[in-house]
Amino acid sequence: MLRKFKRLLYLIISLVIISYNINMHIGIVKLSALGDIVHAMVVLQYIKENIPEATIDWFVEEKFAGVLESNPHIDNIYKLKLKNNKLGFFKECRKLKKLKNYDLIIDLQGLIKSAIVSRILSKNVIGFDKNSLRESFAAKFYKKSFAISYETNVIIRNITLACKALKFEIPDIKNKKQFLYTKNKSNLYPTLLIIVGSSWESKIYPKEHFVAIIKSLQVETFISWGNEKEKEDASFICKNTNAKLLPQLSLDELKSVIINSSLVIGADSGPTHMAWALNIPSITIFGPTPPKRNTLETDINKTISCGKNIDASNLNKNDFCIKNIDPEMIVTLSKELLAC
């Protein structure tokens, strides 16, 4: 009799857990920057595989929201303006107080700012533990935190935290599906798409080197840019090669061009990482940032670096070692990927 009762009790508890998971309302906080958001978005497909009926909302800085748009795994995108000033930050936080129906918030950013946003949204916040963060005080805002070393590859770090938070097994990332989506349909089909810019000057590959690469490859090439300085570099490349200058694209438009590209080459930057997310062949050129932490290589997504051992917790923005990377190395790897 006792055994039957235990079995019945176990069944009831299991059904309650299943019912809870099915109806879960999950909030993900990853505010910036573009490449970091792309690296975090990979978690969506695994959450939906394990909890298909869950509602997922994403909180992001307004300027980066375009990369999240059209994604069928996101129910609501909340665009925040947190970078203007302290007053603006608190105004945005007050707006968030109206959104308090979350079962769980996962802070994939791991900064004090993102931790505050997360805690306003729910008491049940999951994040990295204090020893796994650059801003260790952020962990004070979490109900539960997990030790996942800051030096761990950022993609694996995000997936591991999401899996621990939602109690399912860490998947094999090699089998990931593309996870960026767009409603745009570009009529451009670049054999080679060059991304000229990045967030730091020391992460940008020299424009003269790109000229050498394009001249060696002799394939139809388009150049993408995001600001006036990048436009200047892109124009220089086009004047010295047969490459074509793209207009300034929205993030949604950029996705549609990358989808149609045979190969994307660029620095450690959001647009280059978008190729990885879309399962498009790419070469990411690394200077003062560590490739083993900032992306995952696949059969079609490769990295080239300056060969230094880079400490992820002590980056040097004044290290211009990227200038020393031989363009011929990139040409050789490009030919291999274009032949695949």
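The values are calculated or read from the model by the stated rules, or taken from the named source; none is laboratory data. Keep in mind the model is a prediction, meaning the values are calculated, not measured. Cβ: placed from backbone, ideal geometry, glycine included. Neighbour counts: every protein chain shown.
Got at least one residue in region 243-261 being farther than 21 Å from LYS183 by Cβ and of a type in the set (S, T, N, Q)? Checked region 243-261: no residue is farther than 21 Å from LYS183 by Cβ and of a type in the set (S, T, N, Q).
Search region 130-150 for residues being among the charged types (D, E, K, R) and over 15 Å from SER313 (Cβ atoms), and hand back the single one that is surrounded by the fewest Cβ atoms within 10 Å (Cβ to Cβ).
Looking only at region 130-150, we keep the residues that are among the charged types (D, E, K, R), and these are 130, 134-135, 140, 143-144.
Now narrow it down to the ones that are over 15 Å from SER313 (Cβ atoms): 140, 143-144.
Working: LYS140: 11, LYS143: 14, LYS144: 13.
Among them, the one singled out is LYS140.
What's the total number of residues in region 273-323 that are out of contact with any strand residue (DSSP E or B) (no Cβ under 6 Å at 6 or more places or on another chain), among the small types (Gly, Ala, Ser), modelled with pLDDT of 95 or more and farther than 17 Å from ALA33 by Cα? Adding up the residues that qualify gives 1.
Scanning for something closer than 20 Å to GLU328 by Cβ, of a type in the set (Val, Ile, Thr) and either crowded, with 22+ Cβ neighbours inside 10 Å or modelled with pLDDT of 95 or more (or both), does region 242-262 turn up at least one residue? The answer is no, given that none of the residues of region 242-262 is closer than 20 Å to GLU328 by Cβ, of a type in the set (Val, Ile, Thr) and either crowded, with 22+ Cβ neighbours inside 10 Å or modelled with pLDDT of 95 or more (or both). The numbered conditions (1) in contact (Cβ under 8 Å) with a residue 60 or more places away in the chain; (2) surrounded by fewer than 20 Cβ atoms within 10 Å (Cβ to Cβ); (3) more than 27 Å from THR182 (Cα to Cα) are all true for LYS207 except (1).
Within region 297-318, being under 16 Å from LEU337 (Cβ atoms) and outside any strand (DSSP E or B) holds for GLU297, THR298, ASP299, ILE300. Taking region 152-183 as the range and being of a type outside the set (Lys, Arg), in contact with a Ser or Thr (Cβ under 7 Å, 6 or more places away or on another chain) and exposed (fewer than 15 other Cβ atoms within 10 Å of the Cβ) as the test, only ILE170 passes. Evaluation of SER198 against the conditions (1) within 17 Å of the chain's Cα centre (by Cα); (2) surrounded by fewer than 16 Cβ atoms within 10 Å (Cβ to Cβ) shows that the sole unmet condition is (2). Counting only strands (runs of 3 or more DSSP E) that sit wholly inside region 72-160, those with at least 2 residues that are in contact with an Asp or Glu (Cβ under 8 Å, 6 or more places away or on another chain) and in the same structural domain as ALA54 (by TED's automatic domain parsing) are 76-80, 125-128, 144-146.
Checked against (1) in contact with a Pro (Cβ under 8 Å, 6 or more places away or on another chain); (2) at pLDDT below 95, ILE159 passes all but a single condition, namely (2). In the condition set (1) within 15 Å of the chain's Cα centre (by Cα); (2) crowded, with 22+ Cβ neighbours inside 10 Å, ILE237 is compliant with all but (1).
Entry remark, region 88-131: residues being free of Cβ contacts under 8 Å to residues at least 24 places away in the same chain and within 23 Å of the chain's Cα centre (by Cα) number 5 in total.
Taking region 299-340 as the search range and keeping residues that are closer than 19 Å to VAL196 by Cα and surrounded by fewer than 15 Cβ atoms within 10 Å (Cβ to Cβ), which one is nearest to the chain's Cα centre (by Cα)?
LYS317
Residue count for region 203-233, restricted to those that are assigned to a helix (DSSP H, G or I) and more than 22 Å from GLU328 (Cβ to Cβ): 5. Among all residues of region 10-17, there is none that is aromatic (Phe, Trp, Tyr) and at pLDDT 70 or above. When you look at THR272, is it part of a helix (DSSP H, G or I), out of contact with any His (no Cβ under 7 Å at 6 or more places or on another chain) and within 21 Å of TRP225 (Cα to Cα), yes or no? For THR272, the condition - part of a helix (DSSP H, G or I), out of contact with any His (no Cβ under 7 Å at 6 or more places or on another chain) and within 21 Å of TRP225 (Cα to Cα) - is met.
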